[in-house]
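Computed from the coordinates by the stated procedures, all read-outs in this text should not be read as laboratory data. These numbers come from a predicted model, not from an experiment. Positions of Cβ are generated from backbone atoms using ideal geometry, with glycine treated the same way; all protein chains shown enter the neighbour counts.
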Amino acid sequence: METAQSPLTFTDRLIEGIRAKRSILNVGLDPQVQFIPPHFCEVAQALAKHNPFEAVARAFLMFNERIIDAVEPFAVSVKPHRLLRGIRHVGNMGL
């Protein structure tokens, strides 16, 4: 009779990642508008159709997706940092 395996816990997956990548690198994503390259802001503004909060969210998403893709071979984890801090700075995108 087969027994069902328990799903791996976060700690189990983290340990597997550390061993597989031989790394303990953790990347923090800090949502501050002033650190987002201008071209991400321009594209986000065009897609958001004059909604400043959507523009900020899209800019963060696009930029952070690029960061995650770039660090994936090396980092064992990625975490958001001060998640809503950047929302206060909507005006920095020129909206």
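Decide, for the stretch 10-93, between rounded, prolate and oblate: order the square roots of the alpha carbon gyration tensor eigenvalues as a ≥ b ≥ c, take rounded if a/c falls under 1.5, and otherwise choose prolate if a/b is larger than b/c, else oblate. Please list the in-between numbers first.
Numbers: a/c = 3.17, a/b = 2.45, b/c = 1.29.
Since a/c reaches 1.5 and a/b is larger than b/c, the shape of the stretch 10-93 is classed as prolate.
Can you pull out the trypsin sites (Lys or Arg not before Pro) in the stretch 1-73 whose DSSP state is coil and whose Cβ has at most 15 other Cβ atoms within 10 Å? Passing both the DSSP loop test and the Cβ count: R22, K49. In nm, what is the difference between 0.36 nm times the number of residues separating L14 and H39 and their Cα-Cα distance? Taking 0.36 nm per residue and subtracting the Cα distance, the gain is 5.6 nm.
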